1. Output the peptides 45-55, 158-168, 23-33 sorted from most to least packed, where packing is the average of other Cβ atoms within 10 Å over each peptide's residues.
2. Using the alpha-carbon centroid of each, what span in Å lies between the stretch 27-57 and the stretch 130-174?
3. Multiplying the sequence separation of S102 and R176 by 0.36 nm and subtracting their Cα-Cα distance, what value in nm do you get?
4. So how exposed is T148, as accessible area in Å² (1.4 Å probe, rounded to 10)?
5. Which ³J(HN,Hα) values, rounded to whole Hz and listed in residue order, are derived for the stretch 12-22 from phi using the Karplus coefficients 6.51, -1.76 and 1.60 in 6.51 cos²θ - 1.76 cosθ + 1.60 with θ = phi - 60°, glycine and proline given as x?
6. Grab the other residues whose beta carbon is less than 11 angstrom from that of I38, score K and R as +1, D and E as -1, and report the net.
7. Scan the chain and note any complete DSSP helix (H) whose C-alpha atoms cover at least 30 Å along its axis and whose Kyte-Doolittle average is -0.5 or more.
8. Could I have the simple spin-label model distance between Y6 and K78, label points 7 Å from Cα toward Cβ, reported in nm to one decimal?
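The values are calculated or read from the model by the stated rules, or taken from the named source; none is laboratory data. Treat the numbers as computed from the prediction; the structure is a model and nothing was measured. For neighbour counting, all protein chains shown are included, and Cβ atoms are generated from backbone atoms with ideal geometry for every residue, glycine included. Accessible surface is based on the protein model in full, side chains and every heavy atom, while ligands, DNA and RNA are left aside. Shrake-Rupley method; radii C 1.70, N 1.55, O 1.52, S 1.80 Å.
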Amino acid sequence: QGGRLYGGWWINAPGWLRKRITINGQPTVELDYSGCHIRMLYHQRGIDYIGDPYQLDELTDCVEEHGLPENYFRDGMKRLVQALINGNSDRKPEQARIRDFSFKPYFTRPQLRQIIEDKHAPIADAFGTGAGLRLQRLDSDLALSIITSLQAQGVPTLAIHDSFIVPADQEGFLRRTMEEEYISILKSKPIIKI
């Protein structure tokens, strides 16, 4: 079921460095499928999910109540959702180690899991099932389709799982290709961010 594209040094490069990558001396742009795996779960069930999958009212309220920075919980929440999608229930995926981040003293991990499951009730049964392996294979198949399409048009592309770096003057072509390939596989329109 699984399988993911690995190998390029740019995959593990920090964001600040990826922004400085040039291709043939030209500046580049990186486009990303927003909330890729969580949206894929919705799209596989024929549900079009438009909102920000990591925006949770309870966390937003906590940020306002305690005067925390606006996106204080965002990175940790993204990692926790991925743990729920990738993990098996017998191992309590909500307990996954999230490097450099703690939700304490504001929330416990079981509380957060319940908040996430409530927000994403239509797909909550996929959490803790290891669905992430299947989704990683799907995003790899998608990435290979995109790379192949761009290569056929002579556009060099660096893939980072569900995001792609191309010369900046190819942004429009990359965006169209990402939309077309996603729709051909998942029959739904993705949300793509720069």
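1. 158-168, 23-33, 45-55
2. The stretch 27-57 and the stretch 130-174 have Cα centres spaced 16 Å from each other.
3. Taking S102 through R176 to full extension adds about 22.8 nm, to one decimal.
4. 80
5. So the Karplus estimates, Gly and Pro as x, are 9, 6, x, x, 4, 6, 4, 5, 9, 5, 10 Hz.
6. Within the 11 Å Cβ shell, the charges total +2.
7. Qualifying helices, which must be both long enough and hydrophobic enough, are 131-152.
8. For Y6 paired with K78, the spin-label model returns 2.1 nm.
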